Amino acid sequence: MNEKTLIEAALFAAEKHRLQRRKSLLSIPYINHPLAVCYILAQSGISSINVLVAALLHDTIEDTETSPDEIANLFGNEVLKIVLEVTDDKTLNDKKRKELQVIKAPQLSQGAKLLKIADKISNLKDILTHPMDWSNKRKKDYFLWSKQVFDGCKGINPQLDKLFEETYNEGIEKLSSLPD
Ligand code: ZN
């Protein structure tokens, strides 16, 4: 019953993120992001149900009142393990968390690496597509940092790697043509 589990995870995440919006000026519902990450993985031929479910749930522990037990009970320990691998420690400041993502990337499990890459692709696409009150420099810095995380995760799925590189190159080219 993979389809049922996927829909349950999407519903669970939609409920948990229901009051949140993405950082764009368009107030896009937060759930659009985990759905996009899950779709990017599926589009690249990734069919592991645990990875796809973890993609839908990947920001619930970090950004909502979701406990690890809730995820383990509803979706199992394998899914929880992947979600925890991609969850930042919110007690640390933004700079430290970004550093840790780069350092930890090569040690992640295969499923977590794939999820991390898809997460970054979704974020880069959002930065390029939606109006945001970020300076051009801040956007470029986010791209450069994402590339460092990607470098620690790549090499598992060529299609996913290619999608990251295309999105990254297109964005860097666009951002480099604009003033900081
Ligand atoms: Zn995310």
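Any read-out appearing in this document is the output of simple, stated calculations on the displayed coordinates, not a laboratory observation. Since the model is a prediction, treat every value here as computed from it, not as a measurement. Cβ placement follows ideal geometry from the backbone for every residue including glycine, while neighbour counts extend to all protein chains displayed.
Overview of values
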{"item": "From phi via Karplus (6.51, -1.76, 1.60), per-residue ³J(HN,Hα) for the range 104-120 in Hz, x at Gly/Pro", "result": "7, 3, x, 8, 5, 5, 4, x, 5, 5, 4, 4, 4, 5, 4, 4, 5"}
{"item": "Full-extension gain in nm, residue 172 to residue 84, via 0.36 nm per residue minus C-alpha separation", "result": "28.7 nm"}
{"item": "P(r) weight above 15 Å for the range 141-180, C-alpha pairs, percent", "result": "42 percent"}
{"item": "Charge dipole of the range 3-176 about the Cα centre (unit charges at C-beta), most positive-ward option of 50, 11, 128", "result": "128"}
{"item": "Derived scalar couplings ³J(HN,Hα) [the range 35-48; Karplus, 6.51 cos²θ - 1.76 cosθ + 1.60; whole Hz; x for Gly, Pro]", "result": "5, 5, 4, 4, 5, 4, 5, 4, 4, 8, x, 7, 10, 4"}
{"item": "Over the range 3-176: Rg over Rh, Cα atoms, Kirkwood Rh", "result": "0.94"}
{"item": "Fewest-first ranking of 121, 61, using other Cβ atoms within 10 Å as the exposure measure", "result": "61, 121"}
{"item": "D (Stokes-Einstein, µm²/s), Kirkwood Cα radius, the range 71-154, 1.567 mPa s at 4 °C", "result": "93 µm²/s"}
{"item": "Dipole moment magnitude, nearest 20 debye, the range 3-176 about Cα centre, only Lys, Arg, Asp, Glu C-beta charged", "result": "600 debye"}
{"item": "Estimated FRET transfer efficiency (residue 70, residue 136; beta-carbon r; R0 30 Å; 0.05)", "result": "0.15"}
{"item": "Dimensions in Å of the range 1-54 - Rg and Dmax from alpha carbons", "result": "12.0, 38"}
